[in-house]
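> Quick one: the structure is below, and I'll ask about it shortly.
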Amino acid sequence: MKSYELTLVVKPELAKDKQEGIVAGLKKQIEAADGKIDKVDDCGKKELAYPIDGFSEGAYFFMIFSIPAQELAALEKNVRLNDNVIRHLIVSKEE
């Protein structure tokens, strides 16, 4: 299984429990696909370099995980279709 890093920027006006619910849903999807969560960091609210969809700040989350390569597309689709996610980036982690 390959390791990946996910950086997630969530709408800042969401309640903290809803923000964490988004991350929990992703963790559940990764584990259901026989993946493994190595690290999850809540980096808090940070100012964006430029406005995105009318937001000048976002709630940042960082996750390191392993998942079978064929399951990655479904995970990324789930993130992309979530209206509460402003931006995301999934990159392969060098080992």
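The values are calculated or read from the model by the stated rules, or taken from the named source; none is laboratory data. Because the structure is a prediction, the values reported are computed rather than measured. Backbone-built Cβ (ideal geometry, glycine too); neighbour counts: all protein chains shown. The accessibility values were calculated without ligands, DNA or RNA, using every heavy atom of the protein model including side chains. Shrake-Rupley method; radii C 1.70, N 1.55, O 1.52, S 1.80 Å.
> Which of the numbered conditions does residue 35 fail, given that it passes all the others? Conditions: (1) touching a residue at least 40 places away in the same chain (Cβ under 8 Å); (2) touching a Pro at 6+ places or on another chain (Cβ under 9 Å); (3) closer than 15 Å to residue 1 by Cβ.
(1)
> So which residues in the stretch 1-37 are of a type in the set (A, V, I, L, M), open to solvent by 30 Å² or more (accessible area, probe 1.4 Å) and under 23 Å from residue 72 (Cβ atoms), if there are any at all?
1, 24, 32, 37 - these are the residues of the stretch 1-37 that are of a type in the set (A, V, I, L, M), open to solvent by 30 Å² or more (accessible area, probe 1.4 Å) and under 23 Å from residue 72 (Cβ atoms).
> Same structure, new question: Can you name the residue in the stretch 38-87 that is under 12 Å from the mean Cα position of the chain (by Cα) and aromatic (Phe, Trp, Tyr) and, of all such residues, is surrounded by the fewest Cβ atoms within 10 Å (Cβ to Cβ)?
Only one residue tops the list, namely 62.
> Working carefully through the options 79, 85, find the one that is in contact with a helix residue (DSSP H, G or I) (Cβ under 8 Å, 6 or more places away or on another chain) and over 20 Å from residue 3 (Cβ atoms).
That would be 85, the only listed residue that is in contact with a helix residue (DSSP H, G or I) (Cβ under 8 Å, 6 or more places away or on another chain) and over 20 Å from residue 3 (Cβ atoms).
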